[in-house]
Amino acid sequence: MDKVLRVGIIGAGGIAKAVHIPNYLKQSNKVKIVAITDVVKANAESAAKEFHIDQVFTDYQEMLDAAELDAVSVCTPNKFHAGATIAALQAGCHVICEKPPAMTVKEAQKMAETAKQYGKILTYGLSFRHTPEVGALKRFVDANELGEIYAARVHAIRRRGIPGWGVFTNKELQGGGPLIDIGVHMLDTALYLMGYPEPDTVFGVTYQKLGNKPGVGLAGSWDWENFSIEDMARGMVTFKNGASIILESAFAANTEKHDEMSVSLMGENGGADVFPLKMYQEKHHTLIDTTPSFLPVKDNYELQMERFVDCCLNEYQPISTAEQGVILQKIINGLYESADKGESIKLFAE
Ligand SMILES: NC(=O)c1ccc[n+]([C@@H]2O[C@H](COP(=O)([O-])OP(=O)(O)OC[C@H]3O[C@@H](n4cnc5c(N)ncnc54)[C@H](O)[C@@H]3O)[C@@H](O)[C@H]2O)c1
């Protein structure tokens, strides 16, 4: 029989139960979930019962020591990503850690270094990379259809979408608000399609205008009295190759659309909007727009988890790497630092 990947889950909350566990279970010929851990015992126990997982722990180190695992999903709040990931890598496991990589650049670097040192795969739950739109556009980009991409616009903006569950409005546990939570997805998508260039300078501004008072909550009612994050972040990133990204991310803002997740790319040979996919070019003295008439229908989370399992079993590198996670973290933390200091920040290569 082919090898079966023995998986453990760290953090038995929303994303573990909606994405990681069900998508491992769909691959039951290749994967067995053998253990789950959560600091809240009831969370681990109820997930174990619902998904028929044999071993339950409240401490991830105990699970890593006892359960003989090949791979781990890290699904905790952001503050615990680095500790759990590093411990799992040191225990000889491949890891998929939820986004964002970590809370600080130092943590993301240590995670990447540990993966390298132990020769294990470390990838992140940057799920938009696995959408059909991004998959298709990457093929056009690789075929030079857009030429050198020198400018991008990134939006992750909700009109009234402050999460009313979890710890998403707690800066101490999450490291920030919409920028680190949803902006990270669109920023990563743009960076991936631009070839993950080396960042040079960032300039960021954050606002707290709507989240710290009661109001309409389209994503549940949030704890406005303890709202410790920004409700909007805006910024600009420049890269050593001369490219630049302009970014806006909000959990709440007075805009028309209720939820906008978009990336626009502008290159020398063409441009593109990614969601939905549309490309813009000048050919034969004509301005043309191109839209796909067919894209494969595949859930991006399902593909993300399939790809992770295949990488672990066949030991090839994931499309989202630990080193890219460091660059992503540098930009996010640089934008926050810039907003705090009120000045642009130079991000030097380490
Ligand atoms: N890729 C996506 O689209 C997506 C969507 C939602 C959440 N996420 C990410 O997933 C992570 C978790 O989010 P969620 O919505 O599942 O949160 P959640 O609050 O629903 O679940 C987190 C769980 O982790 C547990 N936990 C906390 N500290 C722990 C520790 N040290 N060890 C073990 N368990 C611990 C909590 O008790 C809780 O059960 C976050 O990093 C978030 O950014 C990603």
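Worth a mention:
- Across the stretch 125-212, Cα-Cα pairs farther apart than 20 Å form 46% of the total.
- Cβ charges +1 (Lys, Arg) and -1 (Asp, Glu), total dipole of the stretch 115-157, debye: 280
- Residue-wise HN-Hα couplings along the stretch 29-40, as the Karplus relation 6.51 cos²θ - 1.76 cosθ + 1.60 with θ = phi - 60° gives them from phi, are 6, 10, 9, 10, 7, 9, 8, 9, 9, 8, 5, 9 Hz; Gly and Pro carry x.
- On a per residue basis, the stretch 202-329 carries 54 Å² of accessible surface, using protein heavy atoms and a 1.4 Å probe.
- Unsatisfied cross-links (Cα-Cα over 24 Å) in the set Lys79/Lys120; Lys257/Lys278; Lys79/Lys110; Lys106/Lys341; Lys120/Lys298; Lys106/Lys171: Lys120/Lys298
- Size of charge dipole - the stretch 34-109 - debye, nearest 20, with Cβ of Lys, Arg +1 and Asp, Glu -1, no other charges: 360
- Solvent-accessible area of the stretch 88-187 (1.4 angstrom probe, protein heavy atoms only): carbon and sulfur portion equals 49 percent.
- Distance (nanometres) between label positions extended 7 Å along Cα→Cβ at Gln317 and Trp224: 4.8
- For His285 and Glu145, the FRET efficiency from 1/(1 + (r/R0)^6), where r spans their Cβ atoms and R0 equals 22 Å, is about 0.80.
- Positive-pole candidate from Val4, Val95, Ala42, dipole of the chain, charges at beta carbon: Ala42
- Contact order normalised by residue count of the chain, Cα under 8 Å, 6+ apart, percent: 20
- Relative contact order %, the stretch 139-289, counting alpha carbon pairs below 8 Å whose residues are six or more apart: 37
- Karplus (6.51, -1.76, 1.60) ³J(HN,Hα), θ = phi - 60°, over the stretch 122-135, in Hz, Gly and Pro reported as x: 10, 10, 10, x, 8, 5, 5, 4, 9, 6, x, 4, 5, x
- For the chain, the share of DSSP beta bridges that are antiparallel, to the nearest 5, is 60%.
- Exposure ranking of Met236, Met279 by accessible area [1.4 Å probe, largest first]: Met236, Met279
- The residues of the stretch 1-143 expose, per residue, 42 Å² of accessible area to a 1.4 Å probe.
- Per-atom-type breakdown for the stretch 269-350 gives carbon and sulfur 52% of the accessible area (1.4 Å probe, protein chains only).
- Overall form of the stretch 1-155 per C-alpha gyration tensor (a/c, 1.5; a/b vs b/c): prolate
- Treating r as the C-beta distance of Trp165 and Thr58 and R0 as 22 Å, the FRET efficiency rounds to 0.55.
- For the chain, a simple Cβ point-charge model (Lys and Arg +1, Asp and Glu -1, everything else neutral) yields a dipole of about 240 debye relative to the Cα centre.
- For the stretch 243-350: rounded, prolate or oblate by the Cα gyration tensor [a/c cutoff 1.5]: oblate
- Positive end of the dipole of the chain (Cβ unit charges, origin at the Cα centre): among Ile319, Phe275, His81, the Cα lying farthest that way belongs to Phe275.
- FRET efficiency estimate (nearest 0.05) - Cβ-Cβ, Ala42 to Asn212, R0 25 angstrom: 0.20
The values are calculated or read from the model by the stated rules, or taken from the named source; none is laboratory data. All values derive from a computational prediction rather than experimental measurement. Because the Cβ atoms are built from the backbone with ideal geometry, glycine has one as well, and the counts that use them run over all protein chains shown. These area figures cover heavy atoms from the full protein model, side chains too; ligands, DNA and RNA do not enter into them. Shrake-Rupley method; radii C 1.70, N 1.55, O 1.52, S 1.80 Å.
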